[in-house]
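FYI, it's all coordinate maths here, none of it is from the lab. Here the structure is a predicted model, which is why all the values come from computation and not from measurement. Glycine gets a Cβ as well: all are built from the backbone with ideal geometry, and neighbour counts include every protein chain shown.
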Amino acid sequence: MTDRPKTPILDRVSLPSDLKTLTDAQLRQLADELRAETISAVSVTGGHLGAGLGVVELTVALHAVFDTPRDKLIWDVGHQCYPHKILTGRRDRIRTLRMGGGLAGFTKRAESPYDPFGAGHSSTSISAALGFAMARELGGDPGDAIAVIGDGAMSAGMAYEALNNAGHEGKRLFVVLNDNEMSIAPPVGAMSSYLTRLYAGGPFQELKAVAKGAVGMLPDALQEGARRAKEMLKGMAVGGTLFEELGFSYIGPVDGHDMEQLLPLLRTVRARADGPVLIHVVTKKGKGYAPAEAAADKGHATAKFDVITGVQAKAKSNAPSYTAVFAQALIDQAGRDDRILGVTAAMPDGTGLKQFAQRFPRRCFDVGIAEQHAVTFAAGLAAGGMKPFVAIYSTFLQRGYDQIVHDVAVQNLPVRFAVDRAGLVGQDGPTHSGAYDTAFLANLPGFVVMAAADEAELVHMVATAAAHDSGPIAFRFPRGEGTGVEMPEGGQVLPIGKGRMIAEGKGVAILSFGTRLSEVMTAREALMARGITPTVADARFAKPLDRDLILALARDHEALITIEEGAVGGFGSHVAHLLAEEGAFDKGLRFRSMVLPDAFVDHDAPRAMYDSSCLNAQHIEDKVLSVMGVQSLAARRTDRA
Ligand SMILES: Cc1ncc(C[n+]2csc(CCOP(=O)(O)OP(=O)(O)O)c2C)c(N)n1
Ligand SMILES: CC(=O)[C@@H](O)[C@H](O)COP(=O)(O)O
Ligand SMILES: [Mg+2]
């Protein structure tokens, strides 16, 4: 525990309008205090630290110069928005970040008028800002639109689609490119090298060499004071960039930590811009906090930590994470088959492919934040005779859906999808929940869709995917630690479309798809104490379904319950369809399907999220009791009251 920092200027700021009363010197001090407050808050909550620290000066300058919330300030991804939240009336709740009932870890429209557009996924800000700008032009909400987008987010196709459209429309719009030469990992790709070339190496252009573009928008030397303006202009290259070719006025690069550059530049640009402007700001991720600056990920995301030492309070783990198990299983398979490749979209650490890349550097591809490209690229690799494993979080795979359908499924290409972060992920909340992948994959002809019930099963599913050459195959697994189950020597290839019996019982059967299995077994124990012994089976496959197993369960039990960590339309829906088609309901089978609710579940600890989704052991027990016509304890309590 550390003392709260002293913040005399910040204490005078409730809303951005208060910044208008501060001098430039006070704004500089405000930035220092805001940085200290951000570090202090994240030390008690954990969360995304480095990106926010890198935009502290930018946050102060943008709010000081523009008129938010009338002007729409849109943070790309939103993981850098904590300083923005502190300045926009949410300081009193900043130490509840990402906790149940607390502030969200990203921008969120429902939370504040200062969050005009919610985020969590990357590279949406320019499109959204252009939408606001065009709405304004057509008589909608007034005010400027400002997108702040990172160099990592700039690697996604959507950003270029938006620039292309904005340049064509030619309307007043501000894009601040926050270039810190970092994504979560070091950024990759030719665009990243291009941005670096804009400010590294070559001499800055002479002002007289600028024939068009943004020069008219630079602060007037006479008004700003000759010395300061000259110094600022020395640090700028103006014109001649790709962005200019796309119809933007390009200004930069600017030192994004130097308020003496930022403030006059933003003031002048705001006063003079009459079309789309891109301001290229150079910053440091983790700026001003030594442990973050020194970390390999520049403090991208941290657990709670000690402010003085930077030491994080990481929970002791009892079992390896699913991600680590996947990575090791893939390395093992790849050691035997040199056609196995790994593909990640800017998440080498999160997906475990960093370990794979260390072992097989030429066989691993980080394509940047480009999930759509990753999927079609893998389709091409598969068509070319290779065995690509595309490791993408469930939530980000949503981006690549048409590519999954059109490039992979229609052509029946054997792309392997490692769908990490399946189910509810916790503090990142609804934008990051892996709720839909079973539904959107299992409806595709020819796709094989598996879910691991535990980390040993995951090893078998990696082996199964490696062996499956006749079409696309996906396996899903959750964020976090495994169950601690005994691990197999190596992966066994599973028979496609076959589940497994876990425990025989009678009366009611529970068919689990994924890691709810352990909750099912806990519920079974409790039910046995009440004289009910459910049969429990692990489906393993949502597609193809194990028809024999399902129809046998239906035949031999009065009731059948499915459970999964996914939305309606997934495993349970497919089982219901099969049972209906086979006439099981006509014969009196009682059926229930336990799925995620038809709602976006708010951020909280994962267990709490599953509680509010009614998918924990207690809820399974209650479901069994209700389907068997036995009143649950909870219901009895309610009746008596
Ligand atoms: C579509 C999508 N893919 C992946 C991610 C995961 N992600 C979050 S932040 C980030 C890096 C962003 O880098 P950059 O835009 O440069 O911002 P910085 O963190 O450097 O400030 C990534 C890959 C995401 N949020 N959205
Ligand atoms: C902002 C973002 O999208 C990522 O940083 C995400 O929060 C990572 O999630 P994991 O912690 O599950 O890797
Ligand atoms: Mg970056």
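What does the C-alpha gyration tensor say about the overall shape of the stretch 322-476? Classify as rounded when a/c is under 1.5, otherwise prolate if a/b is larger than b/c, or oblate.
Verdict is rounded for the stretch 322-476.
Residue by residue through the stretch 243-260, which ³J(HN,Hα) values in whole Hz follow from phi under the Karplus form 6.51 cos²θ - 1.76 cosθ + 1.60 (θ = phi - 60°), with glycine and proline marked x?
So the Karplus estimates, Gly and Pro as x, are 5, 5, 4, 7, x, 9, 7, 9, 10, x, x, 10, 6, x, 10, 9, 5, 6 Hz.
Nearest 0.05, what FRET efficiency do PHE600 and ARG95 give at R0 = 22 Å with Cβ-Cβ as r?
0.35
In what order do TYR610, TYR160 fall by count of nearby beta-carbon atoms within 10 Å, going from fewest to most?
Ascending number of Cβ neighbours within 10 Å: TYR160, TYR610.
Suppose the chain between ASP611 and ALA383 were pulled fully straight at 0.36 nm per residue; how much longer would it get relative to their current alpha carbon spacing?
The span from ASP611 to ALA383 would gain 77.7 nm if fully extended.
At what distance in nm do the modelled label points of ASP67 and ILE308 sit from each other, each positioned 7 Å from its Cα along Cα→Cβ?
4.8
Based on other C-beta atoms within 10 Å, arrange SER14, SER433 from fewest to most.
SER14, SER433
Just report the Cα centroid separation between the stretch 367-383 and the stretch 70-92, whole Å.
If you average the Cα positions of each part, the centres end up 33 Å apart.
In whole Hz, what ³J(HN,Hα) sequence does the stretch 270-286 give by Karplus (6.51, -1.76, 1.60; θ = phi - 60°), x for Gly and Pro?
Taking θ as phi minus 60°, the curve returns 4, 6, 10, 5, 10, x, x, 10, 10, 9, 8, 10, 9, 9, 10, 5, x Hz for the stretch 270-286.
At 222 nm, what value in deg cm²/dmol follows for the chain if DSSP H runs of at least 4 each add -39500 (n - 2.57) and the sum is divided by all its residues, to the nearest 500?
Taken over the chain, the calculation gives -10500 deg cm²/dmol.
Please list the non-local residues whose amide H lies under 5 Å from the amide H of GLY368, H modeled 1.01 Å from N, same-chain partners needing a gap of 5 or more.
Long-range HN contacts for GLY368: ALA346.
Evaluate E = 1/(1 + (r/R0)^6) for LEU15 and MET134, where r is the Cβ-Cβ distance and R0 equals 35 Å; express this FRET efficiency to the nearest 0.05.
Step by step, r from the Cβ atoms, then E = 0.80.
Say R0 is 51 Å: what FRET efficiency, to the nearest 0.05, do ALA296 and GLU582 get from their beta-carbon distance?
Here the calculated transfer efficiency is 0.40.
Give, in nm to one decimal, the length gained when the segment between ALA324 and MET628 is fully stretched (0.36 nm per residue of separation minus the Cα-Cα distance).
Between ALA324 and MET628, full extension yields 105.4 nm more.
Students often get this wrong, so check it: of LYS543/LYS587; LYS171/LYS287; LYS72/LYS354; LYS316/LYS506; LYS85/LYS316; LYS314/LYS387, which have C-alpha atoms separated by over 29 Å?
LYS171/LYS287; LYS72/LYS354; LYS316/LYS506; LYS85/LYS316; LYS314/LYS387
Tabulate in residue order the Karplus-calculated ³J(HN,Hα) for the stretch 564-576, using 6.51 cos²θ - 1.76 cosθ + 1.60 with θ = phi - 60°, rounded to whole Hz; enter x for Gly and Pro.
Result, ordered by residue: 7, 9, x, 6, 4, x, x, 4, x, 5, 5, 5, 4 Hz.
Out of all DSSP beta bridges with both ends in the chain, state the antiparallel percent to the nearest 5.
Here the antiparallel bridges make up roughly 15 percent for the chain.
If contacts are Cα pairs under 8 angstrom and at least 6 residues apart, what is the relative contact order of the chain in percent?
Relative contact order here is 11 percent.
In nm, what is the difference between 0.36 nm times the number of residues separating ASP274 and LYS316 and their Cα-Cα distance?
Length gained, ASP274 through LYS316: 9.6 nm.
Taking 7 Å along the Cα-to-C-beta vector as the label spot, tell me the MET191-GLU260 distance in nanometres, rounded to one decimal.
The modelled label-to-label distance comes out at 3.4 nm.
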